[in-house]
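Notes to accompany the following structure.
Every number in this text was worked out from the coordinates using simple rules, so none of it is lab data. For clarity, every value in this text was computed on a predicted model and none was experimentally measured. A quick note on method: Cβ atoms are made from the backbone with ideal geometry, for glycine too, and the neighbour counts reach across all protein chains shown.
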Amino acid sequence: MNVSSKQQQQVAGANGVQKCAVVVVIDPGHGDTHDESSVVDPGAVGGGLQESDYVLEVSKLLKGKLAARTDVIEAVHLTREGIANDPSQEKLLWRQKVAVAKKADIFVSLHLNSNANTAALGKEVYYNQKASNKAESAKLAASLYAAYKLPLDPRGVKTMGLSVLATYKWKSKKLGIWRDSTIFQSVKAAALFELGFISNTGDRTAVLNNKDPIAEYLCEGICSYASANRAALCGP
Ligand SMILES: [Zn+2]
């Protein structure tokens, strides 16, 4: 089934009401190799915790919760289930390729923040304001942020030209080549959540002690968005 036919697909619900097949891809940040040394990117590290391990654990919890929401979600996948090896050395782009291969409508990348100033703290969600799907992504980001009830400092919904959420051609400074991320256009909404600061003791303790509630909040944010925006997700 190609993407365009999927967009047209309607699935009859148990009560006879038409529902569309919304596919979610969750991206646990970092935890991949993308150079010849095969060094795994741990993400941020603090207090004995690795960002890559933490977001993978929460992503697996979230996957289970989304899979149970058959009223809204047709299928859910992770970009990685453990350490990901990227033989193409295309940093970040492999995550988009997984999302497109899985026919994702919704893409959510999970991270922990870090700052040399250990007083920095709080929760924030990003979407890419340059992306062609920016309108839907803004709604997804707002829904995720509203549902995330962990009482951390509210840093808000923000925009940034994050390449993992990109749908445009950009030049990699590290590799010195142009990279084509236009394949990501089939994803209808994409956001990146910084769940808290690993470098801040209070935030770190809060996220460590609330993995399951955090997964529940994220599930609610995704499902609320999907429920309220079925027309955009189902296509014409
Ligand atoms: Zn990160």
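Count neighbours as other Cβ atoms within 10 Å of each site's Cβ, and list the GluC sites (Glu not before Pro) in the range 76-131 that are DSSP loop with at most 14 such neighbours.
Taking the range 76-131 and a limit of 14 other Cβ atoms within 10 Å, the loop GluC sites (Glu not before Pro) found are 81.
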Exercise. Mind ordering 39-48, 66-75 by average Cβ neighbours within 10 Å, highest first?
Worked result: 66-75, 39-48
Seminar exercise, completed: Taking N as the number of residues in the range 85-172, the ratio of its alpha carbon radius of gyration to 2.2 N^0.38 Å works out to 1.21
Exercise. So what's the gap between the Cα centers of the range 105-126 and the range 44-65, to the nearest angstrom?
Worked result: 12
Exercise. Taking a label point 7 Å from the Cα of residue 120 along the Cα→Cβ vector, which residues of the range 143-168 have an amide N closer than 20 Å to it?
Worked result: 152-165
For this session: Pairs to check: 91/123; 65/149; 130/211; 102/130; 65/103; 102/134. Give those whose C-alpha atoms are more than 27 Å from each other in this structure.
Result: 130/211
Exercise. Aspartates and glutamates near residue 188 by alpha-carbon distance under 12 Å, same-chain residues fewer than 8 away left out - which ones?
Worked result: 105, 136
